Amino acid sequence: MAQGGDAALGETVFKKCMSCHAAGEGATNKVGPVLTGVVGRAAGTYEGFNYSQAMKDAGAGGLVWTPENLAQFLAKPRDFVKGTKMSFAGLAKPEDAMNVIAYLASLSPPPAQ
């Protein structure tokens, strides 16, 4: 699903994200939304999180967090969704992004058939 990413390595890289995001059983919103189930979810739609208008508009416009879209967003969040509140500069190494996506995919239900 995440084009060869390694979920175990991604869990380690995800530590960079944990100051703002939580994922896994019992996760709650922090500065950023819960990322459990993010793979396959429409942007800006996690219940109970106050997204930027830009992120809500992106989701309303059809942006879904596919592995490909997540890879682009994780590389340069503010370039991919202009106006996002996410202040993270991005993951410089594409393999780090792929590994994080594999980790997040392991916490996401499979897409509906």
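Taking Lys85 as the anchor, which lysines have their alpha carbon closer than 21 Å to its alpha carbon, excluding any fewer than eight residues away along the same chain?
In chain and number order, the partners are Lys15, Lys16, Lys30, Lys56, Lys76.
So what is the relative contact order for the range 52-113, in percent, with contacts set as C-alpha pairs under 8 Å and at least six apart? Don't jump to the answer; show the numbers that get you there.
On the way: 50 pairs, mean separation 19.5, N = 62.
Averaging sequence separation for qualifying contacts and normalising by length gives 31 percent for the range 52-113.
Using a 1.4 Å probe, what is the accessible area per residue for the chain, in Å²?
Numbers: 6320 Å² over 113 residues.
Heavy-atom SASA per residue in the chain reads 56 Å².
Tell me, what is the percent relative contact order of the chain, built from C-alpha pairs under 8 Å that lie six or more residues apart? Numbers along the way, then the final one.
Values: 191 pairs, mean separation 43.5, N = 113.
So the answer I get is 38 percent.
Amide H neighbours of Ala42 under 5 Å, counting only residues 5+ apart in sequence or on other chains, H built in-plane at 1.01 Å?
The answer is Trp65.
Just to be sure I understand the model, the point goes 7 Å from the Cα along the line to the Cβ. What's the resulting Ala89 to Thr28 distance in nm?
It is 3.2 nm.
Over all pairs of distinct alpha carbons, what does the Kirkwood formula give as the hydrodynamic radius of the chain, in Å? Show your work: numbers first, answer last.
Details: mean 1/r = 0.0720 Å⁻¹.
Taking every pair of different Cα atoms in the chain, averaging 1/r and inverting gives 13.9 Å.
Arg78 to Leu9: FRET efficiency via 1/(1 + (r/R0)^6), r the Cβ-Cβ distance, R0 25 Å, to the nearest 0.05? It would help to have the intermediate numbers written out before the result.
On the way: r = 25 Å, r/R0 = 1.01.
After rounding to 0.05, the efficiency reads 0.50.
For the range 11-113, what % of the accessible area comes from carbon and sulfur atoms, probe 1.4 Å?
Working: 3210 of 5710 Å².
The nonpolar share, carbon plus sulfur, comes to 56 percent.
The values are calculated or read from the model by the stated rules, or taken from the named source; none is laboratory data. Quick caveat: nothing in here was measured; it's all calculated off a predicted structure. With ideal geometry, Cβ positions are generated from the backbone for all residues, glycine too; neighbour counts draw on all protein chains shown. Heads up: the accessible areas ignore ligands, DNA and RNA and are worked out on the full protein's heavy atoms, side chains in. Shrake-Rupley method; radii C 1.70, N 1.55, O 1.52, S 1.80 Å.
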